[in-house]
Amino acid sequence: MPRRQRQRAELSRLCEAGALTRAVDLAFEHFTDFGPDREIVLILAEALDRTSVPAAVRHRFAELCAELP
């Protein structure tokens with residue numbers, strides 16, 4: 001499995017486990033390596049909608065979204 005797919009799979013696992021801080025950090029790494037990815041933003045957005053997280057995580061997610069074209 002290519003690295004890009006492995007990162008997406010890991011990000012999905014983190015979201016399922018509720019580890020959203022780490023998932024957002026991994027998304028930033030993914031964007032750095034492969035460019036902005038709307039699918040990843042959607043995965044994170046759905047997880048954030050289902051989960052109560054600190055405001056700092058939502059702020060960091062907003063920063064990630066700002067990187068989309």
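Only the coordinates and a few stated rules stand behind these numbers; no lab work does. Not measured: the values here are computed from a predicted model. Positions of Cβ are generated from backbone atoms using ideal geometry, with glycine treated the same way; all protein chains shown enter the neighbour counts.
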Two-site FRET efficiency, His59 against Arg38, from Cβ-Cβ distance with R₀ of 25 Å, rounded to 0.05: 0.80
Kindly provide the helix-only [θ] at 222 nm of the chain, computed as the sum of -39,500 (n - 2.57) over DSSP H runs of four or more divided by all residues, to the nearest 500 deg cm²/dmol? -25000 deg cm²/dmol
When the chain is fully extended, how far beyond the present Cα-Cα distance does Leu68 get from Phe28, taking 0.36 nm per residue of separation? 13.3 nm
Arg4-Arg50 pseudo-label distance in nm [points 7 Å out on the Cα-to-Cβ vector]: 2.5 nm
Got a sec to turn the phi values of region 56-64 into Karplus ³J(HN,Hα) couplings, 6.51 cos²θ - 1.76 cosθ + 1.60 with θ = phi - 60°, whole Hz, x for Gly and Pro? 4, 5, 5, 5, 4, 5, 4, 4, 4
What does the net charge come to around His59 if you take all other residues with beta carbon closer than 15 Å to its beta carbon, with K and R at +1 and D and E at -1? -1
